[in-house]
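The values are calculated or read from the model by the stated rules, or taken from the named source; none is laboratory data. Worth saying up front: this structure is predicted, and the values here are computed from it rather than measured. Note that each Cβ is placed from the backbone with ideal geometry, even for glycine, and that neighbours are counted across all protein chains shown.
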Amino acid sequence: MVQSSILGFPRMGRLRDLKKANEAYWAGKLSRDDLLAEGKRLRGEHWKIQKDAGVDIIPSNDFAFYDHVLDHIQMFNAIPERYSKHGLDPLDEYFAMGRGHQRDGIDVPSLEMVKWFDSNYHYVKPTLQDNQTFKLASNPKPVRDFLEAKEAGITTRPVLLGPVSFLALGKADRGQSVEPITLLEKLLPVYEQLLQELKKAGAETVQIDEPVLVFDLPAQVKEAFKPAYEKLTNASGPQIVLATYFGDIVHNFDVVDAAFKNIHALHVDLVRNPEQLQQVIDHLGPKQILSAGVVDGRNIWKTNFKKAIEVVETAVQKLGKDRVIVASSSSLLHTPHTLASEKTLPEEVKDWFSFASQKAVEVAIIAKAVTEGPAAVREQLEANAKSMQARASSARTNDSKVKERQSKITAEMHNRQSPFDTRYAQQKEHLSLPIFPTTTIGSFPQTKEIRLARNKLVKNEITAEEYEKFIEKEIQDVVKIQDELNLDVYVHGEPERNDMVQYFGERLDGYVFTTHAWVQSYGSRCVRPPIIVGDISRPAPMTVKESKYAASISKKPMKGMLTGPITCLRWSFPRDDVHQSVQAQQLALALRDEVVDLEAAGIYVIQVDEPALREGLPLRSGKERENYLSWAVDSFKLSTAGVKDSTQIHSHFCYSEFQDFFHAIAALDADVLSIENSKSDAKLLKVFIDEDYPRHIGPGVYDIHSPRVPSEQEIKDRIEEMLQYLKPEQLWINPDCGLKTRQWKETKEALTNMVNAAIAYREKH
Ligand code: GLN
Ligand code: ZN
């Protein structure tokens, strides 16, 4: 029979229970035992949901209090000494690595945390020493969790991150030079031991994730798979299901052929790359099983049963029913817990969605349809077909006016009227800015009062007019503070914005919002992405009122502030029925209107933030990546090119390695670019010089993630460093990013030092 399986389940619980428990524990309001008990309760609940859904193969060890990669770091004793030397309780040592520890005379920052592939989930980077050793923790977590499930009557398939991915996703610690993959030989015995212990505990099959297989891999990493899996697939150990996701593995078939001869099953992502199916089947050994990832682990749409069943049937025809598993494409970590919590979604739209708990039911239904024939699940198939049909033909999905406007987009609409030099000459006159102009990135501290007022508005405890007055007062305050600070280009401070994407989504047609659809971003932090359901358009201006008001009370140029099309797209759940480039273009048209309206309202500096442009970059270089950059750049240009030469377009990027996509950054043709820079040395800027970047840049002069106030001298040193790479007339002086997470006290102090440093340089030049 065709079995069903889930690769991993979200950890937070229905009401973000894990977030609440973790934060209570960190605040000293929940005991260690109570936190552990809450973890156990959540695991039990999640296993039961999957069991009740009819899933045959249920994962364990997918749960983590903070991050699953961090679980492995601790379990292998790959704990840098700065954490291990304090003799902390293992749970506190774990959190110290995840989020830093500043208590009882101990002061250590966290390990580095970076984005998990192209998702918005962040993992803790294994941070390794030149003389690194590994040792398996006693009673390791995968064994504990397996036994815990067994006791609850559920035989699970433990999930491990594979040794090659664990190392390849890691890095050498500060001051160390070890190439992580060279530690493989030392690490493998720990995996062997762990697999033995799992087997002894009763685990017949173990899922090992090697997601790095979707990357273009350096030879050394590629070659590591063979020795690794020769060791890990011996007859006395459990059977291994090797999982890849978020891309295809066709380009790494040489690894599959050489290294995976003895694995039990291979999992591939057929949502992202359905076209790899045939070739993957051809590369399986005579007894190997295919785990077919046909239910999307990255999005919230109902699976199209007809299409998914066709894919699975194709595999079954070649392999037979016993050699095919129906699975989620990846872990469901990236999807919200359950649709059942949504009480305010329009019924029509709700019927199109499937969150983690619903996806568990989906894999079971698809498996049953293929095993027993469609008649066994006729009702479900019919309901699904009806839902697909309704969505495809819904007035919410299709807006002919939007499509018509898209069909009329011309090449010229992407370009400013004149080249940069001409524009700049006009902007200089129009804005009369000094050399080394100072500005900020948009948001000022989002105080308790601001959040409170917003909550009151949502709960109807204050009227819209009262709220508007409150926002006006906030804007007055930040304008006054900027007067006092003597900044050159002002911002209105974004007090009215809950979130830089949600705020725009709420003002655009084509979006819907959830109340509980939280997804873990890192640790206890969750995000609730808005959902793009249909063609996007702007019914009315979105930011003009606030910006216009701010400009009216300010004596210096006021910068309008928008979130760019790619960031709106990437930080939402996108549609899966039209290409993302189409959605980006619709967002771009809506933003273009906003930009033009801002200009008409007297806003002559407009910043369009694109911090998510980099993370959308396809995981492999080549055609797909170039293609993405081309439509991403086009949508940015389409959104910004509708203004006069004298209007200055800014864009902002959070931390990015610009080398990978410099030509795209240059192609944006933004007059001014502000970038997060303060934590990297000025070398980040080298590419701008090497490539003769002609326009203006504001590399952040101080870190905004910490309350620390940089001294004037420190900022001068940064400027000096930047001037090694940039011409004085190119340089803007600004912080790394928005200041919304900061307090006012440090904000004012830091900006005072920043402005003084800029003035000192102005006098020098
Ligand atoms: N304008 C936004 C702010 O200042 C930019 C935030 C970001 O880049 N993440 O908050
Ligand atoms: Zn930023």
*Restricting to region 635-672, what's the tally of residues that are in contact with a helix residue (DSSP H, G or I) (Cβ under 8 Å, 6 or more places away or on another chain), modelled with pLDDT of 95 or more and within 12 Å of ligand 2 (Cβ to nearest atom)?*
1
*Per-region count, region 712-739, residues among the basic types (Lys, Arg) and at pLDDT below 95*: 2
*Name the single residue, out of those in region 649-664 being crowded, with 20+ Cβ neighbours inside 10 Å and away from ligand 1 (no atom under 16 Å from the Cβ), that is farthest from residue 414 (Cα to Cα).*
661
*Can you give me the number of residues within region 70-98 that are under 22 Å from residue 191 (Cβ atoms), touching a residue at least 60 places away in the same chain (Cβ under 8 Å) and touching an Asp or Glu at 6+ places or on another chain (Cβ under 8 Å)?*
2
*Select from region 712-765 the residues that are within 16 Å of ligand 1 (Cβ to nearest atom) and hydroxyl-bearing (Ser, Thr, Tyr) and write down the one among them that is surrounded by the most Cβ atoms within 10 Å (Cβ to Cβ).*
747
*Starting from region 557-586, keep only residues that are closer than 14 Å to residue 610 by Cβ, then list their pairs with residues that are within 12 Å of ligand 1 (Cβ to nearest atom) and among the polar types (S, T, N, Q) whose Cβ atoms are within a distance under 6 Å, requiring at least 6 positions of separation or different chains.*
561/607
*Does residue 600 satisfy being more than 30 Å from residue 246 (Cβ to Cβ), more than 16 Å from ligand 2 (Cβ to nearest atom), surrounded by fewer than 22 Cβ atoms within 10 Å (Cβ to Cβ) and among the hydrophobic types (A, V, I, L, M, F, W, C)?*
yes
*Answer with yes or no whether residue 162 is at pLDDT below 95 and not charged (D, E, K, R).*
no
*asked:* Checking residue 704 against (1) of a type in the set (A, V, I, L, M); (2) modelled with pLDDT of 95 or more; (3) within 14 Å of ligand 2 (Cβ to nearest atom), only one condition comes out false. Which one?
replied: (2)
*If you go through region 668-675 one residue at a time, do you hit one that is within 14 Å of ligand 1 (Cβ to nearest atom) and over 25 Å from the mean Cα position of the chain (by Cα)?*
yes
*Exactly one of (1) surrounded by 21 or more Cβ atoms within 10 Å (Cβ to Cβ); (2) outside any helix (DSSP H, G or I) is unmet by residue 131. Its number?*
(1)
*Residue check for residue 512: within 20 Å of residue 401 (Cα to Cα), surrounded by 17 or more Cβ atoms within 10 Å (Cβ to Cβ), modelled with pLDDT of 95 or more and among the β-branched types (Val, Ile, Thr)*: yes
*Would you mind stating whether residue 296 is of a type in the set (D, E, K, R) and buried (at least 23 other Cβ atoms within 10 Å of the Cβ)?*
yes
_Failed item, numbered, when residue 257 is tested on (1) surrounded by fewer than 24 Cβ atoms within 10 Å (Cβ to Cβ); (2) out of contact with any helix residue (DSSP H, G or I) (no Cβ under 8 Å at 6 or more places or on another chain); (3) farther than 15 Å from residue 164 by Cβ_ = (2)
*Search result, residues across region 551-583 that are in contact with a Ser or Thr (Cβ under 9 Å, 6 or more places away or on another chain) and under 19 Å from residue 593 (Cβ atoms)*: 559, 560, 561, 562, 564, 565, 566, 569, 583
*Cβ-Cβ below 6 Å, separation at least six or inter-chain, first residue in region 738-760 and closer than 27 Å to residue 610 by Cβ and within 16 Å of ligand 2 (Cβ to nearest atom), second outside any helix (DSSP H, G or I) and of a type in the set (S, T, N, Q): which pairs?*
738/443; 739/443; 740/443; 740/446
*Please find, within region 593-638, the residue that is farthest from residue 213 (Cα to Cα) out of those that are more than 23 Å from the chain's Cα centre (by Cα) and within 16 Å of ligand 1 (Cβ to nearest atom).*
603
*Give, as residue ranges, the helices (runs of 4 or more DSSP H) completely inside region 188-307 that count at least 2 residues that are among the polar types (S, T, N, Q) and without any contact (Cβ under 8 Å) to a residue 60 or more places away in the chain.*
277-283
*Would you call residue 344 polar (S, T, N, Q) and assigned to a loop (DSSP other than H, G, I, E, B)?*
yes
